[in-house]
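Some notes on the structure that comes next.
The values are calculated or read from the model by the stated rules, or taken from the named source; none is laboratory data. As the structure is a prediction and not an experimental result, all values here were calculated from the model. Because the Cβ atoms are built from the backbone with ideal geometry, glycine has one as well, and the counts that use them run over all protein chains shown. Accessible surface areas use protein heavy atoms only, side chains included; no ligands, DNA or RNA. Shrake-Rupley method; radii C 1.70, N 1.55, O 1.52, S 1.80 Å.
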Amino acid sequence: METGAHTGRSANDKFTVRDATTEASVWWGKSNRPMDPAHFAALKADFLAALAARDELFVQDLFGGSQPEYRVKVRVVTEFAWHSLFIRTLLVRPTAADLETFAPEYTIINLPSFVADPARHGCRSQTVIAVNFTEKLILIGGTRYAGEMKKSVFGILNYLLPERGVMPMHCSANIGPAGDTAVFFGLSGTGKTTLSADSSRTLIGDDEHGWSDTAVFNFEGGCYAKMIRLSAEAEPEIFATTRRFGTILENVVIDPETRAIDLDDNRLAENSRGSYPIDFIPNTSPDNMGPVPKNIIMLTADAFGILPPIARLTPDQAMYHFLSGYTARVAGTEIGVTEPDATFSTCFGAPFMPRHPSVYGNLLKERIARGGVDVWLVNTGWTGGRAGTGGTGTRMPIKVTRGLLNAALDGSLKAGEFRRDPYFGFMVPVSVPGVDPKLLDPRATWPDAAAYDAQAKKLVAMFIENFAQFEDHVEQGVREAAPKAA
């Protein structure tokens, strides 16, 4: 399926109705733009008129969340059949018995043909995603990108669950042979989906989860994986889904005559996607749930080549890096971008977090401390220099990343010798069997150590500048976990 102009989320076109329900509970700002109730009323009236004018619509009644005590009932009305199949694939499908008494708590209406009017609807463009927590209604118009629907459900759960003491997470999760759950935080392009799809571990889910007192549970019943340049060697489980009936390929180039797919062709989108039921991946949890975690992995793709391939974090450092949500875009992927571009997305998912980041950060820190969870920062980005034009860096080998992860998850990494990073203060292993020791010290991989130091100081400054917005909302120990220009 092709989505046209919108090949990703329209983050700048998303609005939340600001009223008595949300005034004090939503973190208003760049990620949560306000919409006046009167504008929403006009938008709703025009949506309902557009619905009435259509001869055919598609409706799915589904659950957001796999743990029965914490799931939300959602009705999704779509204009396109493939959108209906997509959301049925991505959310949790009720049984026939569930549907007999199903009464939706929230409704999502998705009309790609709808043309918004900024003057009448209080939006920015002809595309709009409007969330009304009081009316429990989400309206999506002017975009065919299917991911808007799944992220809307994620936003609902991110708003509701913290009040019930459940930590909502933009993460993947899996279970080891010993019953040990691992959670993988990370933004798009950091390897969150790829690294959790490990045939030796049972997959809980690839993108959205809740952490309750008793379980880590998937919010979804399917996966939404990036397809561009997917490798059968590096990502065999995900690659195999592209050959399965029922997988929806979004903006993947397909030969019109032979029907052969070309996952390396980005002419339709760099963000090409595939959505498929979670059981298309071998060895998945039948209940979409697992025990509370033993390990947390925070993934970053550091295009500056400064961070080590793995480091161990204290609870305070974990909260600091969770609120920072750092990764970097690669130079050369956009016109005019000649150097790597730092991206800080708090909680590794700022666009989907309606409440203040400290709400989620404090929940995470509390649960880490209570459960004695080991936390690791893993750099899947560059080593030996920065990425892009003029950079000397190369991408971290995925085999190295998997080897380090395996050592962290089986507990052997903790038993080794560590050094303290002079800039970030976290602990870095000195040696790991099967891994070149030079890779564990990023400064040693650079051809010019002085250039590494200069770049490291620049990255530290970026972290400090970004974290200034959170300093008044965290404890002293978290503030002291900040990196320092050594």
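Miscellaneous remarks
- Relative protection proxy for 305-311, 236-242, from highest mean packing down: 305-311, 236-242 (other beta-carbon atoms within 10 angstrom).
- Rounded to the nearest whole angstrom, the semi-axes of the ellipsoid equivalent to the range 94-151, taken from the Cα gyration tensor as √(5λ), stand at 27, 13, 8, largest first.
- Overall shape: oblate for the range 242-353, with the ratio a/c of the largest to smallest alpha carbon gyration tensor axis at 1.5 or above and b/c at least equal to a/b.
- Per-peptide average of other Cβ atoms within 10 Å, ordering 437-445, 147-155, 97-105 highest first: 147-155, 437-445, 97-105
- Sequence-separation-based contact order of the chain, relative, with Cα cut under 8 Å and 6+ spacing, percent: 14 percent
- Average accessible surface for the chain: 40 Å² per residue, computed with a 1.4 Å probe over protein heavy atoms with every protein chain in place.
- Carbon and sulfur %, accessible surface of the chain computed with the full protein complex present, 1.4 Å: 51 percent
- Counted over all Cα-Cα pairs of the range 70-123, pairs farther apart than 19 Å make up 42 percent.
- Compared with the dominant principal axis of the Cα atoms in the chain, helix 357-371 is inclined by about 60°.
- Secondary structure note: in the chain, about 65% of the DSSP beta bridges are antiparallel.
- Principal semi-axes in Å for the range 164-228 [√(5λ), Cα gyration tensor, largest first]: 19, 15, 9
- Reference-scaled alpha-carbon Rg (2.2 N^0.38 Å with N residues) for the range 337-423: 1.40
- Helical content of the chain, expressed as a calculated mean residue ellipticity at 222 nm, amounts to -7500 deg cm²/dmol (DSSP H runs of 4 or more residues, -39,500 (n - 2.57) each, divided by residue number, nearest 500).
- Descending Cα extents along the principal axes, the range 43-102, whole Å: 37, 22, 20
- Neighbourhood net charge (11 Å Cβ-Cβ; Lys/Arg +1, Asp/Glu -1) for residue 381: +2
- Candidates 162, 212, 231 compared by Cα position along the dipole of the range 99-236: farthest toward the positive end lies 231, with charges placed on Cβ.
- Rotationally averaged projected area of the range 1-140 (alpha carbon convex hull; nm²): 9.6 nm²
- Ordered from longest to shortest, the equivalent ellipsoid semi-axes for the chain are 36, 25, 24 Å, each the square root of 5 times a Cα gyration tensor eigenvalue.
- Percent of Cα pairs exceeding the 21 Å cut-off, where the set is the range 364-485: 49 percent
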